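For reference, the structure discussed in these notes is given below.
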Amino acid sequence: MMRSVLAVGAHPDDIELGCGGALAAHRAAGDKVTMLVVTGGQNGPGLVTERRAESEAAARSLDCLLIWGHLLDCAVHPDSGTIGLIEDAIRQTEADVVYVHAPDDSHQDHRAVAAATISAARHTRRVLHYRSPSTTRFEPSLYVDISAHLDRKLAALACHRSQVESSLMVEPEVVAASARHFGAQARVRFAEAFVPSRFVWDLSPPPQLPLVGAEAPAFEEAPAFETAYPSRAVT
Ligand SMILES: [Zn+2]
C-alpha cells in the first residue's frame, strides 16, 4: 500500500538530519514523500538563495518533493497562520504519515513547528517526532531501520554545504554515530529514532496481485480449531 508522507522542518537541513534516512526508506518502499520547509533559514549561516538551492539539491538526491513555507527564521509562532500552512500541506499531499521536530527543543522555531504540526495533524493517523541537535528531552520508542539508506542520508546532508562547513552537528561522523547508537537500541545496524504522538498500526494485508494465465493455487484447508489448539486435559 502506497503511503503519502509529509516531513515538516523549521529550517533547511532539519528534515534531512532528523529523518532523511526514513524518507529514503519510504521512497524505496514506493511511498510518496513531500518535505515542507517552513522558513528560508534567513538567519544563516549561509545566504537564503544558497540555502534554498542546497535544500532543492538535497530533496532531489532523496527523490522527494520540496515545498516552502515562507515564514521568517527565528520568528515562527504556533499560531493559526502556521497551523493553516501545515494543514494545507497535509491536505494537498493527503499525508497519512507526518514527521516533525520533537516538542522539547531549545530552538523556539523547532518548538513552534512541532506544536503547530500537532494541531494541524490532529486527524492524521501517524505523527512521529524526530530529534534535532537542539532537542532536549527525547525518549524514542519507534525506530526506522536505515541500514540500507544511511549513504543517501549523508549524501542529502552533504548538499547543505553552507551548514556542513560551519556546524559540527551535521558532520558525517556525528550523523553516522547517532544512527549507529539508535541502531543498537533498535537491534539493527543503523536506525533513526522517533517519538510518536500517534501511531496507528495498519495490519491490513497487502493487496493481492491478480494471477495471469494460471489458476489460483488451492489453499490447504485450515485445521479445525480443536486440532490447532487442543485443549489441555484438566487434571
Ligand atoms: Zn532548525
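Brief remarks follow.
- Of everything in region 14-27 that is buried (at least 24 other Cβ atoms within 10 Å of the Cβ) and not hydrophobic (A, V, I, L, M, F, W, C), the residue that is farthest from H110 (Cα to Cα) is H26.
- Looking across region 94-107, not a single residue is open to solvent by 10 Å² or more (accessible area, probe 1.4 Å) and of a type in the set (V, I, T).
- Top-ranked residue in region 28-61 [being of a type in the set (S, T, Y) and crowded, with 20+ Cβ neighbours inside 10 Å; ranked as nearest to V170 (Cα to Cα)]: S55
- Test result for A53, in a helix (DSSP H, G or I), over 23 Å from S134 (Cα atoms) and modelled with pLDDT under 95: yes
- When we screen R180, R111 for residues that are closer than 17 Å to E16 by Cα, assigned to a helix (DSSP H, G or I), open to solvent by 50 Å² or more (accessible area, probe 1.4 Å) and not polar (S, T, N, Q), the only hit is R180.
- Within region 62-87, if we keep just the residues that are of a type in the set (D, E) and within 18 Å of the chain's Cα centre (by Cα), the residue that is least open to solvent (accessible area, probe 1.4 Å) turns out to be E87.
- Failed item in (1) assigned to a loop (DSSP other than H, G, I, E, B); (2) within 16 Å of the ligand (Cβ to nearest atom); (3) open to solvent by 30 Å² or more (accessible area, probe 1.4 Å); (4) within 27 Å of F199 (Cβ to Cβ), with H11 passing the rest: (3)
- Residues in region 117-147 that are small (G, A, S) and either within 14 Å of the ligand (Cβ to nearest atom) or assigned to a strand (DSSP E or B) (or both): S132, S134.
- Test: residue in region 26-36 that is within 14 Å of the ligand (Cβ to nearest atom) and at pLDDT 95 or above: yes
- Single condition E192 does not satisfy, out of (1) charged (D, E, K, R); (2) touching a strand residue (DSSP E or B) at 6+ places or on another chain (Cβ under 7 Å); (3) over 17 Å from D14 (Cβ atoms): (3)
- Applying a threshold of 8 Å to beta carbon distances and a minimum spacing of six or more residues, or different chains, the list of pairs starting in region 105-116 at a residue that is within 11 Å of the ligand (Cβ to nearest atom) and ending at one that is open to solvent by 10 Å² or more (accessible area, probe 1.4 Å) and of a type in the set (K, R) reads D105/R111.
- Condition check for V195: of a type in the set (A, V, I, L, M) and open to solvent by 10 Å² or more (accessible area, probe 1.4 Å): yes
The values are calculated or read from the model by the stated rules, or taken from the named source; none is laboratory data. Since we're looking at a predicted model, the values are computed, not measured. Cβ sites come from the backbone with ideal geometry, for glycine too, and all protein chains shown count toward neighbours. Areas reflect the complete protein model, heavy atoms only, side chains present, ligands, DNA and RNA absent. Shrake-Rupley method; radii C 1.70, N 1.55, O 1.52, S 1.80 Å.
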